[in-house]
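What follows is a single structure, written as structure tokens, with notes after it.
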Amino acid sequence: DTRQQNASDRLDNRQQNASDAFDKRWARREKSVNAFYDKQKAGVDKAIKAEQKAEETRKKIFDAEISRQQRLADIANTNIDFNMAINTGKLDEAAKIRNDMQAKETQWALGDAGDVTSAQSAKRVDKLQGKSDAIDKAKQKRLDNLKEVEDAEKKALEKRQKREKDALSKKQAADKAALDKELANNKAAEQKNWELIRDPKNKGTGETLNV
């Protein structure tokens, strides 16, 4: 009847509101976890980019210095060649060889220093990348744990709502059965009274019948 339908509607609305509130609450929790770990990862990623940029700058400085040393060597060699053109002695040739060697030694030293710095920078980048990966793993683990808790609470909510619906259905069925029984009893009583009224034995007796 209308009362039972209204009761069912109220229960459906209450359970739907509970489900919506549950979903919103867990959406806020998941958003909070994502924001927390994303902020940490953003800081690490920023540090990685800064280190990579710094390494690029250092590399440019080293390359520029090597180029400068090479140009100085070329200038010195040109001067030596010029002097050798004027003077035909072997001392100029020796000086040229010595100058070339000094330039190469300088280039080697700068190159070695650059390699060491690059290696150190690569280690720092690897370390930062490892930290970034660790943040990703921690974030995913946290989200997985939250998902497990969410699923468990969701199942508990669904079971509770099912029990509520079953209880309401059972009550409504009992109420309907009681009403049907009452109607059947009333109908039987009316039928009995009607039969008593129609019975010739009861005419003129003045007996009062319950209708």
* To do: Among residues belonging to region 23-34 that are open to solvent by less than 60 Å² (accessible area, probe 1.4 Å) and out of contact with any Asp or Glu (no Cβ under 7 Å at 6 or more places or on another chain), point out the one that is farthest from Val125 (Cα to Cα).
  => Ala27
* Structure fact -> Ala134 meets each of (1) at pLDDT below 80; (2) within 27 Å of the chain's Cα centre (by Cα); (3) not aromatic (Phe, Trp, Tyr) with one exception, condition (1)
* To do: Taking Asp151 as the residue in question, decide whether it is closer than 15 Å to Arg25 by Cα and either open to solvent by less than 80 Å² (accessible area, probe 1.4 Å) or out of contact with any Phe, Trp or Tyr (no Cβ under 8 Å at 6 or more places or on another chain) (or both).
  => yes
* Check on Gly43, modelled with pLDDT under 75, closer than 30 Å to Gln129 by Cα and open to solvent by less than 70 Å² (accessible area, probe 1.4 Å) -> no
* To do: Could you identify the single residue in Ala50, Ala27 that is among the aliphatic types (A, V, I, L, M), in a helix (DSSP H, G or I) and under 20 Å from Lys141 (Cβ atoms)?
  => Ala27
* Regarding Leu196, is this residue surrounded by 11 or more Cβ atoms within 10 Å (Cβ to Cβ), under 30 Å from Arg10 (Cβ atoms) and over 29 Å from the mean Cα position of the chain (by Cα)? -> no
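The values are calculated or read from the model by the stated rules, or taken from the named source; none is laboratory data. Predicted, not measured: the structure shown is a model, and the values here were computed from it. Methodologically, a virtual Cβ is constructed for each residue, glycine included, from the backbone with ideal geometry; neighbour enumeration extends over all protein chains shown. We work out accessible area using only protein heavy atoms, side chains counted, and drop any ligands, DNA or RNA first. Shrake-Rupley method; radii C 1.70, N 1.55, O 1.52, S 1.80 Å.
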